[in-house]
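Comments concern the structure below.
The values are calculated or read from the model by the stated rules, or taken from the named source; none is laboratory data. Because the structure is predicted, anything quoted here is derived from the model rather than measured. Here the Cβ is made from the backbone with ideal geometry for all residues, glycine too, and neighbour counts use every protein chain on show. The accessibility values were calculated without ligands, DNA or RNA, using every heavy atom of the protein model including side chains. Shrake-Rupley method; radii C 1.70, N 1.55, O 1.52, S 1.80 Å.
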Amino acid sequence: LETNHLASFAWALSCCEYNHVEAEDVLQTVYLKVLEGRAVYDGRAAFRTWLFAVIRNTAASQRRWNVLRRLRLVPLDEGAHDCASRSDTAEAVHRSEGSARLRRALGLLPRRQREVLHLVFYQDLTVADAARVVGVSVGSARTHYERGKTRLRQLMETK
């Protein structure tokens, strides 16, 4: 977990639409799942691939919970919006204008395309590993990858 922390946080940020507080909560929940044995590595994929899948699933579960919470009109904890310490590396990436343009363009892509592109480009996973993380077939991941690259190129050229 320690050696994959920075990459895991970057992936959690992507899964949480770059909300630092949510990403930190998701990553903490994932670490607790792993340490408590609720998420167990079975060796069928690379550890990092498995970990990213756990992060993605946890983020999706938290998103669903937040929607339910809003529908029930349950107030969120006021302290949940305080910013915690951030990685210097992630902070530098977010400050650059080129990165901001890229994030905006990525945000316009469908979720699966955005996730596959993030995993391949930022996390150096293969398309096959990205497919395992996202939970789709390799063929489907390749399609999302190619369509995402094409659409991203179009978006970056028009902006």
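The residue list Arg142, Arg114 contains one member that is modelled with pLDDT of 90 or more, closer than 18 Å to Ala7 by Cα and assigned to a helix (DSSP H, G or I), which is Arg114. Residues in segment 34-50 that are open to solvent by 50 Å² or more (accessible area, probe 1.4 Å) and within 16 Å of Asn4 (Cβ to Cβ): Leu35, Tyr41, Ala46, Phe47, Arg48. Collect the residues in segment 119-142 that are surrounded by fewer than 16 Cβ atoms within 10 Å (Cβ to Cβ) and over 20 Å from Leu13 (Cβ atoms), keeping them in residue-number order. Residues satisfying the conditions are Thr126, Ala128, Ser137, Val138, Gly139, Ser140. Selection of first residues in segment 108-126 that are closer than 14 Å to Ser140 by Cα and of second residues that are surrounded by fewer than 22 Cβ atoms within 10 Å (Cβ to Cβ) and basic (Lys, Arg), restricted to Cβ pairs under 9 Å at least 6 apart or on distinct chains, gives the following pairs, ordered by first then second residue: Pro110/Arg147; Pro110/Arg151; Gln113/Arg147; Gln113/Lys149; Gln113/Arg151; Glu115/Arg56; Val116/Arg142; Leu117/Lys149.
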